[in-house]
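A.B. asks: Below is a structure I'd like to ask you about.
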Amino acid sequence: IRLSGQASTGRMKQNDPFLPYTINPKYSDLPLPRESLNGKVDINTYNFAGKLFARMSNRLSFTARGKWDKRDNKTPVDLYTPVATDLVPVTPRYNRPYSYKRQKYSADLRYRLDPRVSLSGGARWYNVDRTLQHVERTKESTWWAQARISPTFNTEFRLRGEWSDRDISDYLPLDDGGTVDNPLFRKFNMADRNRDRILVEFDYMPLDAFSISLAYIHAESKYKESVFGLQESLDESYSINLNYAVSSDINVFAFYNLDYLDADILNTSGGNATPWNGVTQDRFETYGIGLSAAINEKSSLGVDYVHAGSTGRISVTTAADEPPFDRLKTKLKNLKLHYDYDISDSWGCKLYLEWEEYDARDWAIDGLGVDGINSVLSMGEQSPDYSVWYYRVQLSYRF
C-alpha cells in the first residue's frame, strides 16, 4: 500500500494605474470608478492531490486519486463605461471577477487474467462550483473499461471504452449590464452533455529493432438539453507511428496523424429570433520524420521535420440561403537540427538550428485592413505568413 500527495498555494496581484476610457476629448469627463483594478486572486487557496495504491493480490490492484483546488478572486466589483472605437460610449457594465472550486476523484481496478490478458475499469468524477457565471455547479461522471491482449510475444492489442455524463444546475442569465442572451441558449462547456469514446490501439514488433503502432479514436458528444447552442460533435483520429533502431547508436522514427472534428450548432439572430443552423468541418493532417544518432562517446546529432496542415469549412443555413464561407487553411513546416558535444567532463556545447514556415488563410480578417468594415476600426490584423530561421549556441558547465 502506497499513499502520496502534494499541496500548494499562490497569489496574483495587479494594481497598475488605469488608462482613460478614451483619447477622444468629447468623453474626457467620463470618470473611472477607481484609479486601478486593485486585482487580487488567491490561486490554489487549497490545492491538494492525493493517490492511494493497493496491491490486493498478485493479479489485482486498486488505485484511488483525489484533487481539490480553489480560485478565490477578491478583485473589487465596479461599474465601467467603455467607449467603443473611441466614438460611442456603451452601456455601463460591471466587471465579473469569477471564482471556482474544483474536485476530481477517480478509482480503478486492474486485473491480470493471465500473462497475455489484463482487464481494467474504473470511474472518474469531476465537480465544479463557480461564482458569477451562467451555471453555478456542474457534475460530470465517466465510466471506462479496457482490455489489453497480447496474442503473441511481439503484438499487443488494446480496446478502451468511455461513457461520460455531465449534469448542470439551473442555467441563469448574467446580470452585469451587458447583452442578455436568449434564455434557451447554452454554452457548450456549461451544458448537459453525454459523450461516448472508443480507443483502439495495436502495437506490432516484426523485428527487435522495428516497431509499428496504430491507433484509432472515435468520440461522439450530444447536448440534448441545449435548445440553442452546440447540438452534437464528432471527433475521429487516425495515427501511425514507426520506430526503427538502425543500430545501438542510431534511431529513426516517423509518424502520421489525421484528425476530423465536426460540429452542429443551432441559434437565432435578430429581434424576431430567426433560427439558423451552422455546421463546421475541420480536418488536421500532421506527419513527420526524425533521426537521433550518437556519433561517438562525446557527440550526438538529431534531426526532426514536421509538416502540418488544416482546413476548416463553415456553412450556415438561414432563410436567406447564403453560400458557405470560404475555407480556412493553415500550413506549417518545421525543421530542427541539433548537435551536442562534450568538450570535457565538465564543459558541454550545443549547436541548435531551426527553420519554420507558416501560412494561413482566414476570410474573417484577410484583406479588410484597419477600416475595411463600415463604422468599425481594427488593428489591421492579417493571417500569418512567414518564414524564419533561428540559431542558438549554448555552453554548459557541470560542477
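The values are calculated or read from the model by the stated rules, or taken from the named source; none is laboratory data. Remember, predicted model here, so these are calculated numbers, not experimental data. Glycine also receives a Cβ, built like all others from the backbone with ideal geometry; neighbour counts cover every protein chain displayed. Accessible surface areas use protein heavy atoms only, side chains included; no ligands, DNA or RNA. Shrake-Rupley method; radii C 1.70, N 1.55, O 1.52, S 1.80 Å.
A.B. asks: Return yes when Arg392 is under 30 Å from Ser269 (Cβ atoms), open to solvent by 50 Å² or more (accessible area, probe 1.4 Å) and either of a type in the set (Gly, Ala, Ser) or under 30 Å from the mean Cα position of the chain (by Cα) (or both) and no when it is not.
C.D. replies: The answer is no for Arg392.
A.B. asks: Pairs under 6 Å by beta carbon, first residue among the small types (Gly, Ala, Ser) in region 355-379, partner open to solvent by 70 Å² or more (accessible area, probe 1.4 Å), six or more apart or different chains?
C.D. replies: Ser378/Val370
A.B. asks: Give the residues of region 138-154 that are in a strand (DSSP E or B) and surrounded by 14 or more Cβ atoms within 10 Å (Cβ to Cβ), sorted by residue number.
C.D. replies: Listed by number, the residues that qualify are Thr138, Lys139, Glu140, Ser141, Thr142, Trp144, Ala145, Gln146, Ala147, Arg148, Ile149.
A.B. asks: So which residues in region 261-284 are exposed (fewer than 14 other Cβ atoms within 10 Å of the Cβ) and under 18 Å from the mean Cα position of the chain (by Cα), if there are any at all?
C.D. replies: Scanning region 261-284 gives no hits.
A.B. asks: Of all the residues that make up region 192-218, how many are part of a loop (DSSP other than H, G, I, E, B) and closer than 22 Å to Val246 by Cα?
C.D. replies: Selection size over region 192-218: 2.
A.B. asks: Another question, if that's okay. Among the numbered criteria (1) touching a Lys or Arg at 6+ places or on another chain (Cβ under 6 Å); (2) within 30 Å of Val246 (Cβ to Cβ), which single criterion is violated by Ser118?
C.D. replies: Exception for Ser118: condition (2).
A.B. asks: Just give me the residues in region 9-25 being outside any loop (DSSP other than H, G, I, E, B) and either over 16 Å from Arg71 (Cα atoms) or open to solvent by less than 100 Å² (accessible area, probe 1.4 Å) (or both), in sequence order.
C.D. replies: Gly10, Met12, Gln14, Pro17, Pro25
A.B. asks: OK, next. Taking into account only those residues within region 36-73 that are within 22 Å of Asn127 (Cα to Cα) and among the basic types (Lys, Arg), which is surrounded by the fewest Cβ atoms within 10 Å (Cβ to Cβ)?
C.D. replies: My answer is Lys51.
A.B. asks: Looking at region 175-191 only, could you name the residues that are closer than 24 Å to Leu266 by Cβ and either in a strand (DSSP E or B) or not small (Gly, Ala, Ser) (or both)?
C.D. replies: Thr179, Val180, Asp181, Asn182, Pro183, Leu184, Phe185, Arg186, Lys187, Phe188, Asn189, Met190
A.B. asks: Only one residue in Arg65, Arg71, Arg116, Arg102 is in contact (Cβ under 8 Å) with a residue 24 or more places away in the chain and touching a Phe, Trp or Tyr at 6+ places or on another chain (Cβ under 6 Å). Which one?
C.D. replies: Arg71
A.B. asks: On the basis of being under 30 Å from Ser247 (Cα atoms), in a strand (DSSP E or B) and basic (Lys, Arg), does Arg158 make the cut?
C.D. replies: Judged against the criteria, Arg158 is a match.
A.B. asks: If you don't mind, there's one more thing I want to ask. In region 155-182, how many residues are of a type outside the set (Phe, Trp, Tyr), modelled with pLDDT of 95 or more, open to solvent by 40 Å² or more (accessible area, probe 1.4 Å) and more than 27 Å from the chain's Cα centre (by Cα)?
C.D. replies: So the count comes out to 1.
A.B. asks: Same structure again: Which of the residues that make up region 300-316 are modelled with pLDDT of 95 or more, surrounded by fewer than 16 Cβ atoms within 10 Å (Cβ to Cβ) and polar (S, T, N, Q)?
C.D. replies: The answer is Thr311, and nothing else.
Each row is one residue, and each column tells you yes or no for (1) open to solvent by less than 70 Å² (accessible area, probe 1.4 Å); (2) assigned to a loop (DSSP other than H, G, I, E, B).
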residue: Lys331; (1), (2): no, no
residue: Asn334; (1), (2): yes, no
residue: Tyr339; (1), (2): no, no
residue: Asp345; (1), (2): no, yes
residue: Leu351; (1), (2): no, no
residue: Asp359; (1), (2): yes, no
residue: Ile365; (1), (2): yes, yes
residue: Gln382; (1), (2): no, yes
residue: Ser396; (1), (2): yes, no
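A.B. asks: Are any residues in region 219-230 open to solvent by 40 Å² or more (accessible area, probe 1.4 Å), assigned to a strand (DSSP E or B) and touching a Leu at 6+ places or on another chain (Cβ under 8 Å), and if so, which ones?
C.D. replies: Glu220
A.B. asks: Pick out the one residue from Leu132, Leu79, Leu87 that is touching a strand residue (DSSP E or B) at 6+ places or on another chain (Cβ under 7 Å) and either over 30 Å from Pro31 (Cβ atoms) or touching a residue at least 40 places away in the same chain (Cβ under 8 Å) (or both).
C.D. replies: The match here is Leu79.
A.B. asks: Still on this structure, I have one more. Condition check: loosely packed, with under 14 Cβ neighbours inside 10 Å and polar (S, T, N, Q). Does Ser233 satisfy that?
C.D. replies: Criteria not met by Ser233.
A.B. asks: If Tyr94 satisfies every condition in (1) within 27 Å of the chain's Cα centre (by Cα); (2) open to solvent by 80 Å² or more (accessible area, probe 1.4 Å); (3) not charged (D, E, K, R) but one, which is the exception?
C.D. replies: Looking at each condition in turn, Tyr94 falls short on (1).
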